[in-house]
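One structure is given below, encoded as structure tokens.
The values are calculated or read from the model by the stated rules, or taken from the named source; none is laboratory data. Remember, it's a predicted structure, so these values are computed and weren't measured experimentally. Every residue, glycine among them, receives a Cβ derived from its backbone with ideal geometry; neighbour counts consider all protein chains shown.
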């Protein structure tokens, strides 16, 4: 089993400016002759950290990965602009920029957690996607008030603010992740990959710091609940596949909603996984996505 993950150099890098001027760096991987797929990650992470998952898609898809604003490869922007509606606007900016450089093609959107929420809000307003595959999207039934979701998101935000955000090296963060039960189910080597993808040399030259400032990440959680209540699946015109984590698994820090009533048969969950299901069971996550896309002629 792979103990060290090395993300390959992209075929191309595309700098995209969102409507508010935020810069996003989009990287092209995979099969340029395959269906177009756009993929990003959850709050506080980075697209390269999901390589154990998206590496399984590169043979079949023309894959474009990007980091959420102020994450990963992107510069840190203004904290006020770090919010769910901005993530939604970024979806459209990325799809338009890819089409402008590489031509128009149908787009499969693959999103996780908070980015899935942004993609759904975008899809309610614009037809940018031919279909969406969403992993553990934090959404609520219209008009519903899940008692557990909002306080848990606030607890996650509070915990985020208490975490250290400076390290002597990425290896220091990786060792901390290895001892954290929240990351106890991820594949070997993923702790190091996460640490490398989510840190950068500190601006003051002293060690390393998180790519996404922890206050930004906490803010994303705090405002997630309100925007989750705005999701209306009747306004999303493309097919949607939702793949959730096991709601009974400890350390799944976001509640995984049962979406069967919302998405009918296009909902699955993976037993014994947490919110980081793509890093725990990447093969199963990829297989469910590919099966759904094949059945609907998108693969």
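Here are the numbers:
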{"item": "Residue list for the stretch 197-215, restricted to those being modelled with pLDDT of 95 or more and either part of a loop (DSSP other than H, G, I, E, B) or crowded, with 21+ Cβ neighbours inside 10 Å (or both)", "result": "197, 198, 199, 202, 207, 208, 210, 211, 212, 213"}
{"item": "Given (1) in contact with a strand residue (DSSP E or B) (Cβ under 9 Å, 6 or more places away or on another chain); (2) surrounded by 13 or more Cβ atoms within 10 Å (Cβ to Cβ); (3) in a loop (DSSP other than H, G, I, E, B), number of the condition residue 20 does not satisfy", "result": "(1)"}
{"item": "Positions within the stretch 124-141 being under 24 Å from residue 50 (Cα atoms) and out of contact with any helix residue (DSSP H, G or I) (no Cβ under 8 Å at 6 or more places or on another chain), in sequence order", "result": "130"}
{"item": "Residue under evaluation residue 68, criteria (1) surrounded by 24 or more Cβ atoms within 10 Å (Cβ to Cβ); (2) in a loop (DSSP other than H, G, I, E, B); (3) over 14 Å from the mean Cα position of the chain (by Cα), criterion not met", "result": "(3)"}
{"item": "Leading residue by the ranking (modelled with the highest pLDDT) among those in the stretch 249-267 that are farther than 17 Å from residue 138 by Cβ and surrounded by fewer than 17 Cβ atoms within 10 Å (Cβ to Cβ)", "result": "250"}
{"item": "Complete set of residues in the stretch 91-124 that are crowded, with 21+ Cβ neighbours inside 10 Å, part of a helix (DSSP H, G or I) and out of contact with any strand residue (DSSP E or B) (no Cβ under 6 Å at 6 or more places or on another chain)", "result": "91, 114, 115, 117, 118, 120, 121, 122, 123"}
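The rows are residues; the columns are (1) under 28 Å from residue 107 (Cα atoms); (2) touching a strand residue (DSSP E or B) at 6+ places or on another chain (Cβ under 7 Å).
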position	(1), (2)
189	no, no
195	no, no
216	no, no
219	no, no
226	yes, no
235	yes, no
241	yes, yes
